[in-house]
1. So is Val142 under 15 Å from Met194 (Cα atoms), open to solvent by less than 40 Å² (accessible area, probe 1.4 Å), out of contact with any strand residue (DSSP E or B) (no Cβ under 6 Å at 6 or more places or on another chain) and among the β-branched types (Val, Ile, Thr) or not?
2. If you go through segment 292-306 one residue at a time, how many are farther than 22 Å from Lys280 by Cβ and at pLDDT 65 or above?
3. Residues in segment 87-103: is at least one touching a Phe, Trp or Tyr at 6+ places or on another chain (Cβ under 9 Å) and in a helix (DSSP H, G or I)?
4. Which helices (runs of 4 or more DSSP H) does segment 165-278 wholly contain that include 3 or more residues that are more than 19 Å from Met329 (Cα to Cα) and open to solvent by 40 Å² or more (accessible area, probe 1.4 Å)?
5. Every residue in segment 129-139 that is open to solvent by 10 Å² or more (accessible area, probe 1.4 Å) and of a type outside the set (Asp, Glu), please.
6. I'm trying to understand the selection: among the residues of segment 87-103, which are within 17 Å of Leu150 (Cβ to Cβ) and open to solvent by less than 10 Å² (accessible area, probe 1.4 Å)?
7. Within the set of pairs 6+ apart or on separate chains, which have a first residue in segment 325-342 that is β-branched (Val, Ile, Thr), a second that is open to solvent by less than 30 Å² (accessible area, probe 1.4 Å) and modelled with pLDDT of 75 or more, and C-beta atoms under 8 Å apart?
8. Scan (1) in contact with a strand residue (DSSP E or B) (Cβ under 8 Å, 6 or more places away or on another chain); (2) open to solvent by 40 Å² or more (accessible area, probe 1.4 Å); (3) not β-branched (Val, Ile, Thr) for the single condition Arg162 breaks and write down its number.
Amino acid sequence: MAEGGSGDVDDVGDCPGARYNDWSDDDDDNSENKGIVWYPPWARIGTEAGTRARARARARATRARRAVQKRASPNSDDTILSPQELQKVLCLVEMSEKPYILEAALIALGNNAAYAFNRDIIRDLGGLPIVAKILNTRDPIVKEKALIVLNNLSVNAENQRRLKIYMNQVCDDTITSRLNSSVQLAGLRLLTNMTVTNEYQHMLANSISDFFRLFSAGNEETKFQVLKLLLNLAENPAMTRELLRAQVPSSLGSLFNKKENKEVILKLLVIFENINDNFKWEENEPTQNQFSEGSLFFFLKEFQVCADKILGIESHHDFLVKVKVGKFMAKLAEHMFPKSQE
């Protein structure tokens, strides 16, 4: 499949049941597995034969990984694979059970899926279900690489139409993954791409509360990625009621402080502005009792509480933050409390 000879890959088969993971940067919670190398039972520690066998096994795993990755290297002139080579990589993904081969093959697919013409080729070769099947793996590194491939492939209308059947699984995996993990971020990026248009946004309606929870609890990178996803939803008037119905953590208001990254504050205010603009408060007044306590609707409706938290950053050192806060509060007063101004 790749330069260096197929024998380098097949050679690993000399060690049945072995898993070579010494090169992995696995971010799984089980820290005991980090840096561990599993060797054949006959490679006994403390013997000269065992030492040689362990060295050979480690070298074979490294050669196999490099052979597959050689064409996937961004610095290589052969980054773009032909349809025949893509077919071989997909066969590796479908047939191999070795994590290091799967990882390298998925990296090659991910790099090639970044090119528009390859997205159609990979789809026509049956690559979408082959890669999506890898989402069932328990290996976080392999799962992350599969999500990256699907993310690159999703920048295509036809691919999105076929990938929508996996959105619920990706959503569940993203929400339940370890907070701020690479798998969670890769899942959020894929869901963000799938919601750029309004066509599949409704599939995430029941998970909006979980996204707000991730936003409140996550680190800065997670916050930004969740904001991109929520901003897609907030720009669609059809999703406004679902957003207002979502339960939000009580800590959401505490994000409005001088210590928070100004870009996080600005993007969150844009989301609130879009929701406020898309919801006809007077027209929907008879149905406002449908929103429960703790929902985003009540977070915005309780003007005094909201004002106390948001006006607290009017003294923010950044001018854009001050302007955005003032604009948001003016809209709240105009749309939510028109009678109070008479």
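1. no
2. Of the residues in that region, 2 qualify.
3. Within segment 87-103, one or more residues are touching a Phe, Trp or Tyr at 6+ places or on another chain (Cβ under 9 Å) and in a helix (DSSP H, G or I).
4. Details: elements: 167-176, 182-194, 208-217, 220-234, 240-245, 262-278.
The helices (runs of 4 or more DSSP H) meeting that bar are 167-176, 182-194, 208-217, 220-234, 240-245.
5. Pro129, Ile130, Lys133, Ile134, Asn136, Thr137, Arg138
6. Val89, Leu90, Val93
7. Here the result reads Val325/Leu269, each pair linking segment 325-342 to a residue that is open to solvent by less than 30 Å² (accessible area, probe 1.4 Å) and modelled with pLDDT of 75 or more.
8. (1)
The values are calculated or read from the model by the stated rules, or taken from the named source; none is laboratory data. The structure presented is a predicted model; accordingly, all values stated were derived computationally and were not measured. Using ideal geometry, Cβ is built from the backbone for each residue, glycine included, and neighbour counts are taken over all protein chains shown. The accessibility values were calculated without ligands, DNA or RNA, using every heavy atom of the protein model including side chains. Shrake-Rupley method; radii C 1.70, N 1.55, O 1.52, S 1.80 Å.
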